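Following: one structure in structure tokens, then a few remarks.
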Amino acid sequence: MSIALQVAKRSTCDRAHVGAVIVRDRRILTTGYNGSPAGLPHCDDVGHLLVDGHCVRTLHAEQNAIIQAAYLDVSVRGGTIYVTHQPCLTCAKMIINAGIKRVVYAGTYPDNLARQFLAEAGVGLQQFILPAELRQAVEHRPEQE
């Protein structure tokens, strides 16, 4: 999880710094953080693009980690994804279809449907309790939605 927290520092959307690391057999396969698609402007440079209270300029950390695997021809099937925040529904569906079998997350996110989908698909979901001094980095704040 400490690596996911470090990856999150690369985020280019200041509404939430999220990092993800996909691992299999104790080896890091890929990483991802929330940021704009390659070559497009970043929130940090041009501001947020908000739709229904969500910034849609960026891809989520889980999405970028899965895309990086596809780009590099790396199979993530059977792997574990460590994420600084609980995945949203869209990311949960991508995790399921990528064949990832376990999600370990630190910060909560109020998406019970994502939790339900992961459970129905047999994907393990485990919260990692961070030490008190690191919790602020992953606390859910409604104003960030």
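The values are calculated or read from the model by the stated rules, or taken from the named source; none is laboratory data. None of these values were measured; they are calculated from a predicted model. Here the Cβ is made from the backbone with ideal geometry for all residues, glycine too, and neighbour counts use every protein chain on show. Quick note on the areas: whole protein, heavy atoms, side chains included, nothing else; ligands and nucleic acids left out. Shrake-Rupley method; radii C 1.70, N 1.55, O 1.52, S 1.80 Å.
Taking amide H positions as modeled 1.01 Å from N, with prolines and chain starts lacking one, the residues under 5 Å from T30 and 5 or more places away or on another chain are I22. For the chain, the list of Cys residues with no other Cys C-beta under 4.7 Å reads C55, C88, C91.
Peptide packing for 101-112, 70-81, 86-97 was compared via the average number of neighbouring C-beta atoms within 10 Å per residue; ordered from the highest value, the list is 86-97, 101-112, 70-81. Please work out the FRET efficiency for the pair F128 and L49, using the Cβ-Cβ distance as r and a Förster radius of 22 Å; give the result to the nearest 0.05. Efficiency for this residue pair is about 0.10. How much of the accessible area of the stretch 4-104, probe 1.4 Å, is carbon plus sulfur, in whole percent? Here carbon and sulfur together make up 51 percent of the probe-accessible area. Close amide-amide hydrogen proximity is noted between L59 and G35, S36, each under 5 Å apart and 5 or more residues distant or on a separate chain (H modeled in the peptide plane; Pro and chain starts excluded). Computed over protein heavy atoms with a 1.4 Å probe, the accessible surface of the chain works out to 56 Å² per residue. When you filter the trypsin sites (Lys or Arg not before Pro) in the stretch 12-68 for DSSP loop state and at most 11 other Cβ atoms inside 10 Å of their Cβ, you are left with R26. Orientation-averaged projection of the stretch 1-101 equals 6.2 nm² [convex hull of Cα atoms, one quarter of hull surface area].
Taking amide hydrogens as placed 1.01 Å from N in the peptide plane, the amide H of R102 sits under 5 Å from those of I81, G124, each at least 5 positions away in sequence or on another chain.
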